[in-house]
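Step one of this worksheet: look at the structure below.
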Amino acid sequence: MNSESLQDIILRVQEFLNNHNTVSIASKNNESVWAATVFYISDTDMNLYFLSSDKTQHIGNIQTDENVAITVYKDVEDWQSIQGLQGTGQISEVGSSDRDKILADYIKKYVFLDELLQNPKDDQEKKIAEQFTNIGLYVYKPNFFRIIDNSISFGFKQELVMKDDSWTIKS
C-alpha cells in the first residue's frame, strides 16, 4: 500500500470523506484554541462544506485566523481499528452564487433535513428550518491531508500536500 500512486491516495481520501459525516475543526484566535464538530459534504477537490452560525466560537475564530486543522474519523474500541484523516487548510464563507447548489447537495446527503425543512414536527425543528436558509455556509479548502490506518500497520500514514494548486505525495 506504500507504493500507491498519487491518484490512488487522492481516491482513498475522497472515499474516506464520502463515507463519513462529521468533521472536527480546530481553530484559534489571539487568546485561545477551540474545537467544534459539524456535519459536512465534500466535493471532488476534497473541499468540505458545512453550516454554522456566525455566533459560534469556531466561526468567530476564523474571522481572526482562517487557518484550521481538521480530523475525520470513526470512533472505535481498539487501536488496530483506528482509521482517520487529519488535515490543515483555510475556512471561508461560501459566496451567494454557489450557495443554492451546495445546500441542495447537503440536503441530498442528509435526507432527514428535507423532511425537517418541509414538515417540522416540533418547536426545535421549526427553529432549525427557519434558520436553515440564512445560516452561514462555509468551505474548508485543504492544503494538507494525512491518512492514518492502523488496520494496515501500526502508525501507517500517507500524506498529501498542496503545491502550486496540485496535490503531491509528501515524502
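The values are calculated or read from the model by the stated rules, or taken from the named source; none is laboratory data. Quantities reported herein were computed from a predicted structural model and do not represent experimental measurements. For neighbour counting, all protein chains shown are included, and Cβ atoms are generated from backbone atoms with ideal geometry for every residue, glycine included.
Structural remarks
- Among the candidates D114, D54, D78, residue that is touching a Gly at 6+ places or on another chain (Cβ under 8 Å) and not small (G, A, S): D54
- In segment 20-43, the residue that is surrounded by the most Cβ atoms within 10 Å (Cβ to Cβ) out of those that are among the polar types (S, T, N, Q) and modelled with pLDDT of 95 or more is S27.
- Boolean, S81 is modelled with pLDDT under 95, among the hydroxyl-bearing types (S, T, Y) and under 22 Å from F132 (Cβ atoms): no
- Of all residues in segment 69-88, those satisfying the criterion of being crowded, with 16+ Cβ neighbours inside 10 Å and under 19 Å from F39 (Cβ atoms) are A69, I70, T71, V72, Y73, G84, L85, Q86, G87.
- Residue pairs meeting the criteria (Cβ under 7 Å; at least 6 apart or on separate chains; first hydroxyl-bearing (S, T, Y), in segment 102-126; second modelled with pLDDT of 90 or more and surrounded by 15 or more Cβ atoms within 10 Å (Cβ to Cβ)): Y106/I41; Y106/Y49; Y110/F39
- Among residues of segment 15-43, those that are assigned to a helix (DSSP H, G or I) and either under 13 Å from D65 (Cα atoms) or in contact with a strand residue (DSSP E or B) (Cβ under 7 Å, 6 or more places away or on another chain) (or both), counted: 3
This table checks each residue for (1) in contact (Cβ under 8 Å) with a residue 12 or more places away in the chain; (2) closer than 14 Å to Y106 by Cα.
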{"position": "S5", "(1), (2)": "no, no"}
{"position": "I9", "(1), (2)": "yes, no"}
{"position": "H20", "(1), (2)": "yes, yes"}
{"position": "V38", "(1), (2)": "yes, yes"}
{"position": "S42", "(1), (2)": "yes, yes"}
{"position": "L51", "(1), (2)": "yes, yes"}
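- Top-ranked residue of segment 95-122 - restricted to ones that are of a type in the set (A, V, I, L, M, F, W, C) and not in a loop (DSSP other than H, G, I, E, B), ranked as surrounded by the most Cβ atoms within 10 Å (Cβ to Cβ): L103
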